[in-house]
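These notes are about the structure you will find just below.
No value in this document is a laboratory result; all are computed from the given coordinates. Predicted, not measured: the structure shown is a model, and the values here were computed from it. When we count neighbours, we look across all protein chains shown, and the Cβ atoms used for this are built from the backbone with ideal geometry, even at glycine.
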Amino acid sequence: MARILLGVTGGIAAYKSLEFVRLATAREHAVRVIQTPASTRFVGRASFEALTGAPTLVGDHDADPLRGAFPGEQIDAHDPITHLALAAKADLFLIAPASANTIAKLAHGFADSLLTSSALAARCPVVLAPAMNNLMYEHPATQSNIARLESRGVQVITPAVGRLASRDEHGIGRLPEPQQLLEACEQRLSAARGLFDGLRVLVTAGGTREPIDDVRFIGNRSSGKMGLALAQAALARGAEVTLIEANVALASPAGLRVIHAPTAAEMQRACEEGLPRCEVLLMAAAVADFRPKARFDGKIKKQQLPGLTLDLEPTPDILARLAGARQPRQTIVGFAAEHGERALALAQQKLQTKELDAIVVNDISKPGIGFESDANEVTIITSSWQQAVAKASKRSVAERILDAVARLRSEGEASR
Ligand code: CTP
């Protein structure tokens, strides 16, 4: 159970926030609602009051009869400043729907309503669910406001694609379903509750290179950006991170232990040594599936080329071996780059055959994501649930993967 402060801004999707409150209170979260004046044209405060069992606040100088308390809590004798009290007590601040106007204000630190002042005072995790017409959402102004908020740690839930409110309009901008909003909030809450604090996390990144001779190798296009983003995100959450990297040209973040493992054999050795000391493995490296059977000494000369053949042998599947020998309470996450419409089904198979807790799959047939790019779009698959993460920066995707690890670990705890 958590204290969720819900901010509702002016938009047709405001009606979905009522359902969010119903679902959240059914899960025993205590919810308080702040509406912008514009949102009351779409949904009245009385509806939220009936569902939360607490007054809904709208005006900048509204006194709060509950003095900042959440439902079920004792009312303080002291009369606090409303926008400070609610934000200080909340475990999470969800703004849904978040209009383009409110997003712009938040990005620039405006405090011209109870909602925006509370957001400025909030030090709890802030989750934002934009909902608007697709043209407004895709406008560079909105996109740069969202990027600015994300860079400050605000979690932005990408809107859904589908029919929009205005006639015959279709595109990105729909508020996701209330159940999805609740799941996002619960994942963020468990992540914020220190699940990663002191947790030992092993991350692999980059792509292995299998030498043909002293100059040439068989390699792949992995840049290591996804693995680095995971290491950085885990570090920011207080984890003790070991990064095993294969041929990553980018600087690794300070504060983590880095081990270089340029080939599959070295990666295997480093992982086998590192994993027994860790609770989580995020196997983001692209490990070669095959390597030359023999390595030529020196450099193969052109004259040797006619008739030259390379004999290849398979490399051991490091991830499958590690998962097969796992200790209790270890969470093992694999990655899969698949091509085309069978991507999810193929990843599902890998989840089972490699005995993983989760697999993160991206469809490499989609343009602008994956290898070398700064963005990614993935689906996280576990044996009991699946979560699509819409296209976002690799850092944002890394946060969602860590949220999924947090969820898996807390579900494991609950089933014990
Ligand atoms: N992996 C590994 N050791 C290998 C090959 C892959 O540990 N020799 C890991 C990768 O780091 C990744 C996951 O396995 O986390 C999936 O890798 P992928 O190459 O997509 O799967 P494969 O099982 O090798 O199947 P295929 O290449 O046939 O798709």
Once amide H atoms are placed 1.01 Å from N in the peptide plane, what residues at a sequence separation of 5 or more from L312, or on another chain, have their amide H within under 5 Å of its amide H? K293
Positive-end extreme of charge dipole, region 195-415 - chosen from A251, T315, A234 (charges on Cβ): A251
Cut-off 11 Å between beta-carbons: net charge of the residues surrounding E399, Lys and Arg +1, Asp and Glu -1: +3
Please compute the alpha carbon radius of gyration of region 3-192, then divide it by the globular-protein estimate 2.2 N^0.38 Å. Two decimals is fine. 0.96
From the residues T116, A284, G11, which one has its Cα farthest along the dipole of the chain in the positive direction, the dipole being from +1 and -1 charges on Cβ of Lys/Arg and Asp/Glu about the Cα centre? A284
Using alpha carbon centroids, what distance separates region 158-174 and region 18-47, in Å? 22
Wrap a convex hull around the Cα atoms of region 302-361, take a quarter of its surface area, and give that in square nanometres. 6.6
Could you work out how far apart the two model spin labels at V215 and F371 are, taking each label as a point 7 Å from the Cα in the direction of the beta carbon, and quote it in nm? 2.4
Spin-label pair E49/H260, simplified geometry with 7 Å Cα→Cβ offset, distance in nm: 6.7
Taking each pair of distinct Cα atoms in region 105-262 once, what is the resulting Kirkwood hydrodynamic radius in Å? 18.9
Return the long-range amide H neighbours of T331 (sequence gap of 5 or more, or a different chain), with a cut-off of under 5 Å between placed amide H atoms. V280, L281
How long are the semi-axes of the ellipsoid equivalent to region 366-416, from square roots of 5 times the Cα gyration tensor eigenvalues, in whole Å, largest first? 26, 11, 7
Estimated inter-spin distance, R269 and K391, nm [label 7 Å along Cα→Cβ]: 4.2
Among L322, L106, L310, whose mean-square fluctuation peaks in a Gaussian network model of the chain (Cα, cutoff 10 Å)? L310
Expected output is a single nm value to one decimal: the length gained when fully extending between F110 and S151, i.e. 0.36 nm times separation in residues minus the C-alpha distance. What is it? 13.0 nm
Classify region 334-388: rounded, prolate or oblate, from the alpha-carbon gyration tensor (a ≥ b ≥ c, eigenvalue square roots; a/c under 1.5 rounded; otherwise prolate if a/b is larger than b/c)? prolate
Against the 2.2 N^0.38 Å rule of thumb, the C-alpha Rg of region 195-415 sits at a ratio of 1.04
Over the alpha-carbon set of the chain, divide Rg by the Kirkwood Rh and report the Rg/Rh ratio to two decimals. 1.05
